[in-house]
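So the structure is just underneath, and the comments pick up after that.
The values are calculated or read from the model by the stated rules, or taken from the named source; none is laboratory data. A quick note: this is a predicted structure, and the numbers were derived from the prediction, not measured. As a convention, Cβ positions derive from the backbone with ideal geometry for all residues, glycine included, and neighbour counts pool all protein chains shown. Just so you know, the surface numbers come from the protein's heavy atoms only, side chains and all, with ligands and any DNA or RNA stripped out. Shrake-Rupley method; radii C 1.70, N 1.55, O 1.52, S 1.80 Å.
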There are 2 protein chains.
Amino acid sequence: MSPARGIADSAALRASNVARALSEIRRRGEAARVDLVETLDLSPATVSGIISDLLEADLIIEAPSAVAAGRGRPRIQLSLNPRARIVAGAKLSDDGVTVAILDFCGEVLSTGEVATDQATIDAPMLLTKIDIALKRALQGAKLKDRDLAAFGLGVPGFVDVESGLCHWSPLLSGAPIDLRALLSKRLSCPIFVDNDANLATMAELWFGHGRDERDFLVVTVEHGVGLGIVLDTQLFRGARGLGAEFGHTKVQIDGALCRCGQRGCLEAYVSDYALAREAGLAVKGATGPEDILDKLAEQAKAGDDVSASIYRRAGRMLGLGLANLLNIFDPPLIILAGERMQNHDLLATEIQRTLAANTLAVDRPSARVSVHRWGDQLWARGAGALALDGLMSRAPIAQAEVA
Amino acid sequence: MSPARGIADSAALRASNVARALSEIRRRGEAARVDLVETLDLSPATVSGIISDLLEADLIIEAPSAVAAGRGRPRIQLSLNPRARIVAGAKLSDDGVTVAILDFCGEVLSTGEVATDQATIDAPMLLTKIDIALKRALQGAKLKDRDLAAFGLGVPGFVDVESGLCHWSPLLSGAPIDLRALLSKRLSCPIFVDNDANLATMAELWFGHGRDERDFLVVTVEHGVGLGIVLDTQLFRGARGLGAEFGHTKVQIDGALCRCGQRGCLEAYVSDYALAREAGLAVKGATGPEDILDKLAEQAKAGDDVSASIYRRAGRMLGLGLANLLNIFDPPLIILAGERMQNHDLLATEIQRTLAANTLAVDRPSARVSVHRWGDQLWARGAGALALDGLMSRAPIAQAEVA
DNA sequence: AAAAATAGTTCTGTGACTGAACTATATTAG
DNA sequence: CTAATATAGTTCAGTCACAGAACTATTTTT
């Protein structure tokens, strides 16, 4: 039985259908009205009206007529108006802060970066860093603060999306920090804050491998291990609004010590620092923490068995964690994302082997595993997608009239 | 951004609101129109119309006026009409088949059971057993086949809810079996089939500890270990319509051998057969498989350390599995259900300890863990709830007119 | 007995959707 | 070259769900 939720009045009905139309145009890149009639299961009359509203609000534009295939009146292709909204997305990583400016289509107009020289920074420092990176990005696109319709920020750790509060982050001191309040001092546009794994997931959903899937999982492997969950084309954030904490899934009881203080966390086997910890025994004469990982990968690829065994174990643990996810969510697709995924070939075999050995086969295809290498700029783009999503998920046209 | 889903036309809008009203009345047991106005966020006028339709369809009844508290016109309490629909629910366990007959309020009118003498049965045998148990149950309630508005069946294993197909079950030979087609030979009413953990979950949602929660998890511990997930008051069945497979979550890499053929499954540590396997070393002079578990529990309670250690390990593994679930779903409530939960005090300490040690504390209350002892008849009631839910989740009034 | 409070109904207006008829614009057949 | 056909999109009238406001109903309080 359906529960106490759903759309109550007809205004909400229209808003929902407008959002569905806009979302479908975004997903396809281009769509004619007939396409929407079919996909959204609405009558031509209704679609006509919705599109008319969207055109009036300048959120979409009619293409100057593409190709005319077949006979009959040629379809008029509709696409998002790139200039309809400009948003900024920021990602906090242990390198520093990266900001990307996105147009309404999600294209990156410019980026700006600033490095951090400390392991953790406090709230005022974060604001300063974001300010600098944002200024650089805005300059690159020749834009001003007030051109921004929304701002999205992703940080690792526990973030409450509703309140914009960061409960804990490995990169921030002085938590809990009200990130939304903090940014509101600097910007007057709506602020959206989320866990960084959700950024990657949003980007995969909007621009990446998840574009054509209703359900998939994104596992990010970097300094930590994150998980994003898409169910029925919607980002799922856990029952209480907090992001999924996959890095601290236990893959070994009383296992390796994790930076969270517990033992046996997945992160304690597959993250950068976990690899570096073991690499000390395999790599000689490294000049720094970055270098040791590069050398480790190099040696493993060259056939050094000790080095390779470090990757093998990481792959096995990651595979085990993924197998558990598959057993619960049963998604058709899992995306592995992250900068470290450049060495995924070192992990891949073991991941696949462990997955196969630990998931139950039924008479249907098992999940595809796809790998996506990610840099900071893609994370920032995901933060921008978050901002666009936050902006558009309510009442897109009403917002247009305000603007 | 909202995706390509939602309510399209206004007929669906009404259907949705009717279902919401009905669901709310069921949840509360009794509700006045004003209550629905507040809870469903609809106008008095709309609620008036919806209730009028439901009364006309005989799905609900007006109470003969309860107490008149305070001044003003006394509210007219509405409740479900118990006689509006009669459904049957069946549960296949390794003991046999249990059937329960439920009225529209979910009250059990009668039950019927039949034992099986083999470990696995095939499709014709299943149908025979269900037939016998159903006949007994119907006799008890003085009802006929054609009084049934729907039939729900729960089996352990992999079940595709949409198609009614059982891909695999530990209790059925000859899989895949089209259970819906099988039962359609015997009954002309709609048939709903699901994984048995989902039955328990549906029952907790409708009648049990989950009644007042929007989000919770149900972990069933019996001969296998099952998981049911409720998100936003809806049973979640995995991306591809299959139940969550928690029993084969891996809690130990290359761990104990499971009956699924893999190693380290949670089930291989906490299910009946796993306990019995280890109990062989601790218990002397047991007369049979049931007896060995009873003796094991007895000895453990009496302070025998070897016996207690078996429970300790089971509790630790279950705690680890639960910790991983908490990290992903972050629910406010976890319900442990099952017949074996009679010995939960033997597991409880270790579960709590492991949970505490393996979940990350943030500045908010952690999940409550509640324990619910379940017998076969409660499972069957869950199957009935499944049937009621399936029947009502679409267009309750339209169905009334057909009937 | 009148006033106040609360519950529920009826009526009217707004708006969202659909179906059907219509217009627009292309290709193809003769 | 014209008519037929096919496809895309618009307009208009009708239906239906909802909300707001005025109404009725029923109780307690003053």
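For the range B:233-259, the tally of residues that are facing chain A (nearest Cβ under 8 Å) and modelled with pLDDT of 85 or more stands at 10.
One line per residue, one yes/no per condition, for (1) within 12 Å of DNA strand D (Cβ to nearest atom); (2) more than 26 Å from A:Asp9 (Cα to Cα); (3) open to solvent by 30 Å² or more (accessible area, probe 1.4 Å); (4) within 29 Å of the chain's Cα centre (by Cα):
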| position | (1), (2), (3), (4) |
| --- | --- |
| B:Asn17 | yes, no, no, yes |
| B:Asp53 | yes, no, yes, no |
| B:Asp58 | no, no, yes, yes |
| B:Gly70 | yes, yes, yes, no |
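All told, A:Lys142 meets the bar of being under 25 Å from A:Met392 (Cβ atoms), outside any helix (DSSP H, G or I), in the same structural domain as A:Asn198 (by TED's automatic domain parsing) and open to solvent by 70 Å² or more (accessible area, probe 1.4 Å).
Per-residue answers, yes or no, for (1) surrounded by fewer than 23 Cβ atoms within 10 Å (Cβ to Cβ); (2) assigned to a helix (DSSP H, G or I):
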| residue | (1), (2) |
| --- | --- |
| A:Leu138 | yes, yes |
| A:Cys166 | no, no |
| A:Ala175 | yes, no |
| A:Ala200 | no, yes |
| A:Arg211 | yes, no |
| A:Val230 | no, no |
| A:Leu235 | yes, no |
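Scanning the range A:21-44 for residues that are on the phi < 0 side of the Ramachandran plot, open to solvent by 10 Å² or more (accessible area, probe 1.4 Å) and more than 9 Å from DNA strand C (Cβ to nearest atom) yields A:Ser23, A:Arg26, A:Arg27, A:Arg28, A:Glu30, A:Arg33, A:Val34, A:Asp35, A:Glu38, A:Thr39. Only one of the numbered conditions (1) within 27 Å of the chain's Cα centre (by Cα); (2) open to solvent by 50 Å² or more (accessible area, probe 1.4 Å); (3) not charged (D, E, K, R) is not met by B:Thr287, and that is (1). With the condition kept exactly as written, say whether any residue in the range B:292-314 is open to solvent by less than 30 Å² (accessible area, probe 1.4 Å) and within 14 Å of chain A (Cβ to nearest Cβ). Taking every residue of the range B:292-314 in turn, at least one turns out to be open to solvent by less than 30 Å² (accessible area, probe 1.4 Å) and within 14 Å of chain A (Cβ to nearest Cβ). Applying the set (1) touching a helix residue (DSSP H, G or I) at 6+ places or on another chain (Cβ under 9 Å); (2) modelled with pLDDT under 80 to A:Val362 leaves exactly one unmet item: (1). Among residues belonging to the range B:30-51 that are within 14 Å of chain A (Cβ to nearest Cβ) and under 20 Å from B:Gly210 (Cα atoms), point out the one that is farthest from DNA strand D (Cβ to nearest atom). Across the range B:30-51, the extreme among qualifying residues is B:Ala31. If the condition is being within 11 Å of another protein chain (Cβ to nearest Cβ) and of a type outside the set (Phe, Trp, Tyr), then the range A:206-224 contributes A:Glu213, A:Arg214, A:Asp215, A:Leu217. Determine whether A:Arg85 is in contact (Cβ under 8 Å) with a residue 12 or more places away in the chain and of a type in the set (Lys, Arg). Judged against the criteria, A:Arg85 is a match.
Among the residues of the range A:104-136, those identified as touching a strand residue (DSSP E or B) at 6+ places or on another chain (Cβ under 7 Å), open to solvent by 10 Å² or more (accessible area, probe 1.4 Å) and closer than 22 Å to A:Ala203 by Cβ are A:Cys105, A:Val108, A:Leu109, A:Ser110, A:Thr111, A:Glu113, A:Val114, A:Lys129, A:Arg136. The single condition among (1) modelled with pLDDT under 90; (2) surrounded by 14 or more Cβ atoms within 10 Å (Cβ to Cβ); (3) over 23 Å from A:Val161 (Cβ atoms) that A:Leu336 does not meet is (1). So is A:Gly285 touching a residue at least 60 places away in the same chain (Cβ under 8 Å), farther than 20 Å from A:Leu205 by Cα and either away from chain B (no Cβ under 12 Å) or of a type in the set (Gly, Ala, Ser) (or both) or not? Spelling it out, it is not the case that A:Gly285 is touching a residue at least 60 places away in the same chain (Cβ under 8 Å), farther than 20 Å from A:Leu205 by Cα and either away from chain B (no Cβ under 12 Å) or of a type in the set (Gly, Ala, Ser) (or both).
The residue that is modelled with the lowest pLDDT, counting only those in the range A:1-12 that are at the interface with chain B (Cβ under 7 Å from one of its Cβ atoms) and open to solvent by 20 Å² or more (accessible area, probe 1.4 Å), is A:Ser2.
Among the numbered conditions (1) in a strand (DSSP E or B); (2) open to solvent by 10 Å² or more (accessible area, probe 1.4 Å), the only one that A:Asp254 does not meet is (1). Condition check: open to solvent by 60 Å² or more (accessible area, probe 1.4 Å) and either within 12 Å of DNA strand D (Cβ to nearest atom) or without any contact (Cβ under 8 Å) to a residue 40 or more places away in the chain (or both). Does A:Ala63 satisfy that? For A:Ala63, the condition - open to solvent by 60 Å² or more (accessible area, probe 1.4 Å) and either within 12 Å of DNA strand D (Cβ to nearest atom) or without any contact (Cβ under 8 Å) to a residue 40 or more places away in the chain (or both) - is not met. Does B:Leu205 satisfy being open to solvent by 20 Å² or more (accessible area, probe 1.4 Å), touching a strand residue (DSSP E or B) at 6+ places or on another chain (Cβ under 8 Å), under 23 Å from B:Leu59 (Cβ atoms) and assigned to a loop (DSSP other than H, G, I, E, B)? Criteria not met by B:Leu205. Condition (residue is farther than 14 Å from B:Leu22 by Cβ and more than 9 Å from DNA strand C (Cβ to nearest atom)) applied to the range B:46-63: is it met by at least one residue? Scanning the range B:46-63, I find at least one residue that is farther than 14 Å from B:Leu22 by Cβ and more than 9 Å from DNA strand C (Cβ to nearest atom), so the answer is yes. Whether a residue is at pLDDT below 85, more than 28 Å from A:Met317 (Cβ to Cβ), in a loop (DSSP other than H, G, I, E, B) and open to solvent by 20 Å² or more (accessible area, probe 1.4 Å) was assessed, and B:His223 passes this test.
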